[in-house]
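Okay, so here's the structure we're looking at.
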Amino acid sequence: MAKSGANVGQPVSMVDRSVGQALGDYVIQTLGVAAAEVQKLYHDPLELLTRAVQPVLWLMLFGEVMARVRGVAPGNIPYLDFLSAGILAQSALFVAIFYGISAIWEHDLGVLQRYLVSPAPRSALVLGKALSAGVRALSQGLIVYVLALLLGVGISLNPLSILGVAAAIMLGSALFSTLSLIIACIVKTRERFMGIGQVLTMPIFFASNAIYPLSLMPDWLRAVSHANPLTYEVDALRALMLTNGTSDYGLLLDFAVLLAVTAALTAIAARMYGRMGY
Amino acid sequence: MPDDQADAPIPDAAVQAFTLTRKFGDLTAVDRVTLTINQGEIFGLIGPNGAGKSTLIKMLTTLLPPTSGSAKIAGYDIVAQPAEVRRHIGYVPQLLSADGSLTGYENMLLSARLYGIPRRERTERITEALARMGLSEVASHLAGQYSGGMIRRLEIAQSFLHRPVVLFLDEPTVGLDPGARETVWEHVLDLRDRFQRTMIVTSHHMDEIDKFCDRIALIDRGRIAAVGTPAELKARVGPDATLDDVFLQLVAETSETETEGNYGEIRRERRAASEHG
């Protein structure tokens, strides 16, 4: 976004600043926070590789065995195809849900205070962090794609489908990383956070359509799963990622749910994040 | 250098606090502090652990809302105009605020983006600021590999990149060896002289405060026990008094409270000290 005005670096009064400039600053602040996180990944990419282990295990061990059980996946989709979209969502979820721990870490160090005394709106900081969680998740996506192709899953390589998958992963990661940030703001210590992170991950994962369709569930669990944003992320991924994938709820609803929940969580997190400086 | 002159018109008082108060439950950490800090001063805040220095700074930097009272920084109200206040201040926390997993340059770039420094000025300003702090050669090294003194200088450079009207330095020399302490102070004085900006510094090293500060406030149990130049405060105590004597005499003996200087805070302070040291 182009910016005007030569003396932004100097103390400038808010009344002198146009709306366009404020918007431009907002975008740069958000992307700046995300860029810093990407630079960290670049300096230490080992984390990305270790995170690849989990999806490999799920697809190659769990997936290969469950593929022998007939009737799990609906319609004519092979189970491994059905599962691969769920595992993609899951690996992104696992990255995102522990994201808040870095906020606690930054708070304990003092890095967070640097963010909070800057003029960047809290929501720009929260969105920047969410965006960087999405970038991390994209690297997971790449790993799952390669693995799924090797396992013979019918992956759609249509560029539009891939873009759609990237959007769904980014959005889902933003959603769960922001949820994670809210939890971090509440619990405030790493120890408590680890406990809660574990407790949250399993229900979000199992009360969704990630590894089995909702039609196999008892009614009460199906109701819970319908209220779980992960279900809509998986639904979108399944439709976009697989050559013969279909959406149960429609892509429009999937993305609408993910966007709305992310927006609501961002608004809450922006309020709470500022109080972490106390 | 063209930007070495003071830019925007700045009110005479950099900081004006009026009956600023912060309570945590029953505890009054800062108790009706009224204080004026002049433009261009190096102002020292001293006092025992838990006296309320950090709470006062957190309020002035908008990290913590006051319970009552008010304060203005560069003419902007800390409660009503926090975004404007943030635009006009810099803050070097006592803790480690540079990101060790980013390079020095990347840390500066993040600050430049957060403070809305225009793209075409970023590189030049960052390069110049790093050079002034003697960090040019390590600009592409991870900050995690810096020495304590280098990290502090990087943090000061980050906090001053947008030329704040007031720079807050919370124990900038904690955990540093005498040489590194001297260097940090030289840079603080240099920035003040070059840009005529206000520096608010806390320290437990009375020799530094005596040597470098224009005026001092001694804070004890949330209140201002004394304000003045180092010479004025020393004269109050006796002809050959040092600032240590001032500190010991004016701070009530019972002020070893178990309130603010709690275990968690001490743990963080010590970690900050060891990370910087």
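Taking 0.36 nm per residue of separation and subtracting the current Cα-Cα distance, fully stretching the chain between B:Ser147 and B:Val79 would add 20.8 nm. Between the beta carbons of B:Asn38 and B:Ala131, assuming R0 = 35 Å, the FRET efficiency works out to 0.70 to the nearest 0.05.
Working from Cα pairs under 8 Å separated by at least six residues, relative contact order for chain A is 25 percent. A cut-off under 11 angstrom between Cβ atoms defines the neighbours of B:Ile42, and their net charge, with Lys, Arg +1 and Asp, Glu -1, is 0. Assuming a ≥ b ≥ c are the square roots of the Cα gyration tensor eigenvalues, decide whether chain B counts as rounded (a/c under 1.5), prolate (otherwise, with a/b larger than b/c) or oblate. In terms of gyration-tensor shape, prolate. If I take every Cα pair under 8 Å that is 6 or more residues apart in region B:10-276, average their sequence separation and divide by the length, what percent do I get for the relative contact order? Worked out over region B:10-276, it gives 26 percent.
Backbone geometry of region B:27-42 corresponds, through the Karplus equation with coefficients 6.51, -1.76 and 1.60 at θ = phi - 60°, to 3J(HN,Hα) couplings of 7, 9, 6, 10, 10, 6, 7, 10, 7, 10, 10, 7, 4, x, 7, 9 Hz, x marking Gly and Pro. Compared with the alpha-carbon gap, the fully stretched path from A:Thr243 to A:Leu142 is longer by 34.7 nm at 0.36 nm per residue. The residues neighbouring B:Lys72, those whose beta-carbon lies less than 13 Å from its own, together hold a net charge of -3 under the Lys/Arg +1, Asp/Glu -1 convention.
In whole percent, what relative contact order does region A:34-120 give with Cα contacts below 8 Å and a gap of six or more residues? Write down the numbers at each step before the final one.
Working: 25 pairs, mean separation 17.6, N = 87.
With pairs under 8 Å counted, the relative contact order is 20 percent.
Taking amide H as placed 1.01 Å from N in the peptide plane, B:Leu167 has its amide H under 5 Å from the amide H of B:Gly90, B:Thr198, B:Met199, B:Ile200, each at least 5 places away in sequence or on another chain.
A straight line joining the Cα centroids of region B:160-180 and region B:6-78 runs 17 Å.
Using the C-alpha atoms of region A:18-275, what convex hull volume per residue, in cubic angstrom, is computed? Don't skip to the answer; put the middle values down first.
Numbers: hull volume 35.0 nm³, N = 258.
Taking only Cα atoms, region A:18-275 has a hull volume of 136 Å³ per residue.
Test of understanding: in a Gaussian network model of chain B with alpha carbons linked when under 10 Å, which of B:Gln158, B:Gln249, B:Gln196 would top the mean-square fluctuation ranking? Among B:Gln158, B:Gln249, B:Gln196, the largest GNM mean-square fluctuation belongs to B:Gln249.
Each of A:Met194, A:Met276, B:Met59 has some number of other Cβ atoms within 10 Å of its Cβ, and from fewest to most they run A:Met194, A:Met276, B:Met59.
In order along region A:186-199, the Karplus-derived 3J(HN,Hα) couplings, from 6.51 cos²θ - 1.76 cosθ + 1.60 at θ = phi - 60°, round to 7, 7, 6, 10, 5, 4, 4, 5, 4, x, 5, x, 4, 5 Hz, and Gly and Pro are given as x.
Taken one residue at a time, the phi angles of region A:52-62 give Karplus couplings (6.51, -1.76, 1.60, θ = phi - 60°) of 6, 4, 4, x, 4, 5, 4, 6, 7, 9, 4 Hz. Gly and Pro are set to x. Taking label positions 7 Å along the Cα-Cβ direction at both B:Glu121 and A:Ile196, the computed distance is 4.1 nm, reported to one decimal.
Amide H contacts for B:Arg223 (H built 1.01 Å from N in the peptide plane; partners 5 or more residues away or on another chain; cut-off under 5 Å): B:Asp31. For chain A, modelled as a Gaussian network with Cα springs under 10 Å, which listed residue fluctuates most, A:Thr231, A:Thr189, A:Thr178? Checking each option, the largest mean-square fluctuation is seen for A:Thr189.
Just so you know, the averaged projected area of the alpha carbon convex hull for the protein assembly as shown sits at 27.6 nm². In this structure the amide hydrogen of B:Leu20, modeled in the peptide plane, comes within under 5 Å of the amide hydrogens of B:Val33, B:Thr34, B:Ser70, none closer than 5 places in sequence on its chain. A straight Cα-to-Cα reach below 27 Å connects B:Lys72 with the lysines B:Lys23, B:Lys53, B:Lys58, residues fewer than 8 places away in its own chain not being considered.
Just tell me how shielded B:85-91 is by partners: mean number of partner chain Cβ atoms within 10 Å of each residue's Cβ, no decimals. Intermediate results must be reported in sequence, preceding the final value.
Values: counts 2, 5, 9, 5, 4, 3, 5.
Other-chain Cβ atoms within 10 Å of each residue's Cβ, averaged: 5.
Say a site is exposed when it is one of the GluC sites (Glu not before Pro), sits in a DSSP loop, and has at most 15 other Cβ atoms within 10 Å; what is then the longest site-free stretch of chain B? The reported range is B:1-255. Mind checking which of A:Asp219, A:Asp254, A:Asp25 has the largest fluctuation in a GNM of chain A, springs on alpha carbons under 10 Å? Top of the fluctuation ranking is A:Asp219. Other protein chain C-beta atoms within 10 Å of residue C-beta, averaged over A:118-127: 4. Modelled this way, with points 7 Å down the Cα-to-C-beta line, the labels at A:Ala267 and B:Thr19 are 3.7 nm from one another. Ignoring trypsin sites (Lys or Arg not before Pro) that are buried or in helix or strand per DSSP, and keeping those with at most 11 other beta carbon atoms within 10 Å, what is the longest stretch of chain A between them? Segment A:71-278 is the longest. The mean count of C-beta atoms from other chains within 10 Å of the C-beta of residues in A:98-109, rounded to a whole number, is 2.
Within the set of other residues whose C-beta is less than 12 Å from the C-beta of A:Ile155, count the net charge using Lys and Arg as +1 and Asp and Glu as -1. Walk me through the intermediate numbers first.
Working: positive: A:Arg238; negative: A:Asp81.
Once positives and negatives cancel, what remains is 0.
No value in this document is a laboratory result; all are computed from the given coordinates. As the structure is a computational prediction, the values presented were derived from the model and not from experiment. Reconstructed Cβ throughout: ideal geometry from the backbone, glycine too, with neighbour counts over all protein chains shown.
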